[in-house]
1. Filtering segment 155-196 down to residues that are over 22 Å from Gly48 (Cβ atoms) and part of a loop (DSSP other than H, G, I, E, B), which residue is modelled with the lowest pLDDT?
2. Looking at this structure, is Val12 open to solvent by less than 30 Å² (accessible area, probe 1.4 Å) and among the β-branched types (Val, Ile, Thr)?
3. Which condition does Gly83 not pass, out of (1) at pLDDT 75 or above; (2) under 15 Å from the mean Cα position of the chain (by Cα); (3) open to solvent by less than 50 Å² (accessible area, probe 1.4 Å), if it passes all the others?
4. Assess whether Ile91 counts as being modelled with pLDDT of 75 or more, part of a helix (DSSP H, G or I), open to solvent by 40 Å² or more (accessible area, probe 1.4 Å) and closer than 19 Å to Gly58 by Cα.
5. Go through Ser31, Ser4 for me and flag whichever is hydroxyl-bearing (Ser, Thr, Tyr) and touching a residue at least 60 places away in the same chain (Cβ under 8 Å).
Amino acid sequence: MEESSILWMLAVVMMLGSYLAGSLPLVMNLSEDKLQLVSVLGAGLLVGTALAVIIPEGVEALFSGKNNNEHSEVHSDLHGLIGISLILGFIFMLLVEQCTSRGNGGKEKSFTTTLGLVVHAAADGVALGAAATTSQPDVEAIVFLAIMLHKAPAAFGLVSFLLHEGVDKKRISRHLLVFSLSAPCLALLTYFCIGKEGKETLSTVNATGLAMLFSAGTFLYVATVHVLPELMLRASTSYARLPTTEGASHTTHGLKFKEIAALVIGSFLPALIATGHHH
């Protein structure tokens, strides 16, 4: 009973924390230029979170269930699973986008972005629920901390991108609520809806690590195929309208210096936040 109480508490904290972090861009009064800057920062957070937090945590969780004295073939198999899990997550989002883009018109970008992050958050929830079944509070705490370190910047990045896409704030709030609820709900579902044998199976196949690596693949797709290209395109379109000297054809592509700086800072920030908590 004590285990379930701790999990309920962690689920509530996770939901409130991600919702509050995602609400920050909504309550800020931003000009178009500042919104672009915040959006670029959010894109950097998404990329940095995937590369510097989720993938290392997933790899660590994948190998943590194995003892050092096991055969090298087992470790070789696990190394292969890392790439396969990442690719499956990436391809999953590619297929989702191709299916949804046929009927959603101009809404598919915001829908696919939200869906990708919701899938990622749901996988996080499975990871937390699986960790809770181990009856080891330290493992549960580590997984919870790892999830929170990237849920907050992910929520911020999601809302920043949706604002930049011109989605109205009521719809953004609904997207954010779904994103915030997905991980806690899946954590509770995983913990309460699988039996003892299922919990042992999850532990055996290192479901925590596989779920996080799969979600990292979805995260990378959203960040690199949707968010960054969209921001680059908007920047190029905006700069093409700048006044030029008479008779000169002037076209500027890419981001401004301060936007590049925001992208770099956002990319490194998750790694800096996560420094020190890895084992």
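1. It comes out as Gly195.
2. no
3. (2)
4. It is true that Ile91 is modelled with pLDDT of 75 or more, part of a helix (DSSP H, G or I), open to solvent by 40 Å² or more (accessible area, probe 1.4 Å) and closer than 19 Å to Gly58 by Cα.
5. Sole residue among the options that is hydroxyl-bearing (Ser, Thr, Tyr) and touching a residue at least 60 places away in the same chain (Cβ under 8 Å): Ser4.
Table: residues versus (1) at negative phi; (2) in contact with a Ser or Thr (Cβ under 6 Å, 6 or more places away or on another chain); (3) β-branched (Val, Ile, Thr); (4) at pLDDT below 90.
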| position | (1), (2), (3), (4) |
| --- | --- |
| Glu3 | yes, no, no, yes |
| Leu10 | yes, no, no, yes |
| Leu16 | yes, no, no, no |
| Gly22 | yes, no, no, yes |
| Pro25 | yes, yes, no, yes |
| Met28 | yes, no, no, yes |
| Ser31 | yes, no, no, yes |
| Lys34 | yes, no, no, yes |
| Val38 | yes, yes, yes, yes |
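The values are calculated or read from the model by the stated rules, or taken from the named source; none is laboratory data. If you're wondering where the values come from, they're calculated on a predicted model, not measured in any experiment. Neighbour counts run over all protein chains shown; Cβ positions are idealised from the backbone, glycine included. We work out accessible area using only protein heavy atoms, side chains counted, and drop any ligands, DNA or RNA first. Shrake-Rupley method; radii C 1.70, N 1.55, O 1.52, S 1.80 Å.
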